[in-house]
Structure formats: C-alpha cells, structure tokens
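Just below is one structure, and these are the notes that go with it.
Here, each number is a calculation from the coordinates, and none is a lab measurement. Keep in mind the model is a prediction, meaning the values are calculated, not measured. Don't worry about glycine lacking a Cβ; one is built from the backbone with ideal geometry, like all the others, and counts go over all protein chains shown.
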Amino acid sequence: MFQLGKKYLRKHIINTYGGQSRSGITTPSKQPLIFLFTSSSGKEFGYDDGWTDDGIFEICGEGQIGDMRFVRGNKAILEHKSNGKELHLFEAVSKGYVRYVSQMSLMSFRKDHGKDKDGNMRERIIFQLIPENTFNENELTSSHLTEGNKTVKYSTTYERNPKNRRDAIKIHGLSCMACGFNFEKSYGQHGKGFIHVHHNQPLHETGETIIDPQKDLNVLCPNCHAMVHRNKKNTLSLDELKELLN
C-alpha cells in the first residue's frame, strides 16, 4: 500500500482514503485504516512524539486543550486490533508532504502531564507503538549478540535484539528495578511477562555494539522508563532514578 520512506502529499492520502484533514489521527470511515501524522511542530500544541531507546515510538493522543480522553482518534488507536484496523505512521517532511514510516501496532500506553496549547498543565495519553515488521526472535540463538545496526524508518533508529531482552528478564526478573512494580501482581494473567528493557547506555551513543544483559540492561516499568529518558540529553542512571523515588 505504502512504500517505506517514500514522500506523499498528505492531501492526496486523505482524498484517496478519506478521514479528517487536519487531525494528527485520521480515521477513514470506509477503510480498515488509521493514519497517524507526526511532526516536530506539534510541540507547540503540547505534543512530543519520538522514538525511545528501546525502539518504541511514543505518540501523544489527540486533544489540544484540557485532559486527553479515550474518545475519537484516541479510542480508535486503543481498539485498533480488536476492530481490525491497521495503524500507519507518517512524518511531516515539508509543507503538505509526509514520509511513510511503517505500519505500527499498539504495544501499550501510559499517562503523564504536560502543557496544552494554552500553556496549562493537563493529563496526556502517550501511545507506545512498535513497527509491525519486527524480526522473528526464534531465529536468534547466540547469548550475547550484536545490536544497534542502523535501520532507516522516518529517521535513524537502532535494531534491538529480542534474545538480549529475554536474557535480561531471566537475569533481572519482571519487577521494575527502580520502583518494584510488577505487572502480573497488579493485573494478573493480563500483565504476565510485561516489562520494558532499558539500555544503560543509549544505542544512539554506542552504535553497533555487543550487549551483556547482566551489565548493560535493566528492567523498568513504563513510568520509570519514561522518567529515565525525560531529559533526552541526560539519561538517568538506575541509581539516580532510585534517588528521585526516595
């Protein structure tokens, strides 16, 4: 349907498939599609989208004023799997033009607080998405494998090795190493096996490197993981994060 990295006229996409012309979340009524449009200019309206160090794309829900709610486009993203809808992510590159990033899938969401269009603090919904074309972790067998090979999506991201993720969880467990939160204890079977794995040194700094899950990876809940990366120029260490909690 769409070619990775290709530029499209946003107006042409809307005219072809339908949907809202001005929203960052467009939901064509007659197509099993949801279009997500991200732009650096969204920060002035209280949006702050981008890739995390673990290869997750975080995108703010819609709503420029007041607390965000699970209605309209936000509800569509939340229910896209059960409703059989595909998520397609585009990045604005110039006036009227967008570049296709990837088909995405909702992994989870979190809530935080940030300023709205008027500068007032409000509750935001942050959707955490992963590309649909992730590789098959059953094909990987080595215990300490190379990570960080560059892959062009809408910008340069870095490949993560799922074998290292599994090893980190075997070593560190499934409780957040900062706050101790455990998803299975709180959510039962629905939360079983869920946790974020964090690189102590961001891969965009190290590039292609050999990862030791014992020393190089931590397990964190999404809230603590977000706080680690809150200041993109100064990633917190686990000890610094624990000090903030205390």
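Taking the Cα atoms of segment 7-131, what is the range of coordinates along each of the three principal axes, in descending order and whole Å?
Ordered largest first, segment 7-131 gives principal extents of 37, 34, 29 Å.
Quick one: order Ser102, Ser186, Ser82, Ser175 by neighbouring beta-carbon count within 10 Å, fewest to most.
Ranked by crowding around the Cβ, least crowded first: Ser82, Ser186, Ser175, Ser102.
Longer than 28 Å from Cα to Cα, which of Lys111/Lys185; Lys7/Lys163; Lys111/Lys242; Lys75/Lys163; Lys117/Lys192; Lys6/Lys81 are they? Say none if no pair is. Could the numbers behind the result be given before it?
On the way: Lys111/Lys185 20 Å; Lys7/Lys163 34 Å; Lys111/Lys242 20 Å; Lys75/Lys163 33 Å; Lys117/Lys192 38 Å; Lys6/Lys81 26 Å.
Where the Cα-Cα span goes over 28 Å, the pairs concerned are Lys7/Lys163; Lys75/Lys163; Lys117/Lys192.
Under a 5 Å amide H to amide H cut-off, with H placed in plane at 1.01 Å, what residues pair with Met104 once short-range neighbours are removed?
Leu87, His88, Leu89, Glu132
Roughly speaking, what is the stretch gain from Phe194 to Ser94, that is 0.36 nm per residue apart minus the C-alpha to C-alpha distance, in nm to one decimal?
Contour length minus Cα-Cα distance gives 32.2 nm.
Sum up the charges of everything whose Cβ sits under 10 Å from the Cβ of Pro32, counting Lys and Arg as +1 and Asp and Glu as -1, but leave Pro32 out. Let's see the in-between values first.
Working: positive: Lys30, Lys85; negative: Glu86.
Neighbourhood net charge equals +1.
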